[in-house]
Amino acid sequence: MRRLPASTVWYGYEAAASFLWAMVFTVTAYYFVTEVGMSPLELVLVGTVMELSVFVFEVPTGIVADTTSRRLSIVIGNVVMGLGFIVVGGFPAVWPILVGYAVWGFGYTFTSGAMDAWLADEVGEARLTGVYLRGAQVGRVFTIAGIAVGVGLALVDIRLPIVLGGIGTIALAAFYALAMPETGFRPAPRGERSSFGHMAATGRDGLRLVRSRPALLAILGIAAFAGMWSESYDRLWQAHLIEDVGLPSLGGLDPVVWFGILGIVGTLLSIVVAAPLGRRLEGASPEAVAQTLSLLYAVLAVSSFVFALAGSLWLAVLGSYGIFIARQVGSPLFMSWLNRSIDDSSVRATTLSIVNQADAVGQWTGGPAIGALATVTSIRVALVAATACLVPAFAFLRRAARLEARVSLTDGVVEAPD
């Protein structure tokens, strides 16, 4: 099979991964609550186990991607993630699900830094933001399809979309192996690829880059505190709607249909918001991207607070849509901004893995504490506590934006002709 252009592969990745992940994750929390009977603490522990796996393996697998092959790392990661999904869907009990999520987290570490580093090297920084934003729009369209298919399959068997999502993720690995080009990456010399000393040196170079750039250090703070919030919200939001707010009957259909409707409408709204924003920010300066991210984080915090305190369905839905749109629109912007802050391609995947590791630390430290709070008090109180974690994340974002602006100004002075 002929290798495809990098941007085409990226759009294919956004389409397929968005479809498969929407198909799986639309139903998993509902599956955990209704089929497995998990408590709020167990719901959060699922994510904690996954994030501990990410924390342990994130940097080593990022180093592999920087020294051997980003394409190979991505292929391995998708195979392992697919196996994790199959275990989660195949065994409806707490311990097998925890194992499945640990396996999934291990596989994810092979892709998390490698995929974005691969894209940045293949398309270049000048095109990066535009490709990210267009790819995100493609992903949103296929997310709608994935939600619809996932809910339809769940009405037959709640585990079916999870298992099929795993099989599809393994098939996606075969597509990457055959279609993905790798022309912008320069691997380490063959004799050094398996050398522990060389891999350790790559890890040290990535850490040195992070320490030398104050903005990157601030980004680690963003990732850690945002991780504390996301782990709690992602595991508890459906339980909050089911147990605290209440879902009205929908023509006798299974309540999982509600989550499908909420996901589809939220995705449509994010497409509407992202389209004009993408045209405005394509080719924009890092400072403009950072300002937009600050606004989106503010929307995220306010919406999260509204959702946590909502006593009626319409108010909870309003808050959830604000959260959904801010995350959907902000995620590709954040990755573009982060990639443009890394000026050494040889350690790009490692540096991205360090940032993902900070996110994992936030998730596995904050998640269990907030899950325990939900168990001894209520899910509503826990979600309010989780929202408080977004305040320092916002402060770190503002600091990183100021530091990046200062670096850009300094670079402009240095590069100006005499």
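The values are calculated or read from the model by the stated rules, or taken from the named source; none is laboratory data. Treat the numbers as computed from the prediction; the structure is a model and nothing was measured. Note that each Cβ is placed from the backbone with ideal geometry, even for glycine, and that neighbours are counted across all protein chains shown. Remember, those area values only see protein heavy atoms, side chains included, never the ligands or the DNA or RNA. Shrake-Rupley method; radii C 1.70, N 1.55, O 1.52, S 1.80 Å.
List of remarks:
- Relative contact order (%) - criterion: Cα under 8 Å, at least six apart; region: the range 76-135: 34
- On the range 114-173, 71 percent of the accessible area sits on carbon and sulfur atoms, based on a 1.4 Å probe.
- Measuring between their Cα centroids, the range 297-313 and the range 29-46 lie 22 Å from each other.
- Take every pair of alpha-carbon atoms less than 8 Å apart whose residues are at least six positions apart; their mean separation over the length of the range 1-109 yields a relative contact order of 29 percent.
- Anisotropy class of the range 227-333 from Cα gyration tensor, a/c 1.5 cut: prolate
- Whole-Hz couplings from phi, Karplus 6.51/-1.76/1.60, listed for the range 385-397; x for Gly and Pro: 4, 5, 4, 4, 5, 6, 5, x, 4, 5, 4, 5, 5
- A 1.4 Å probe run over the protein chains yields, for the range 1-115, 34 Å² of accessible area per residue, whole-number rounding.
- Cα gyration tensor, the range 279-380 - rounded (a/c under 1.5), prolate or oblate: oblate
- Ranking Val87, Val103, Gly124 by how far each Cα lies toward the positive end of the dipole of the range 31-131 (charges on Cβ) leaves Val87 at the top.
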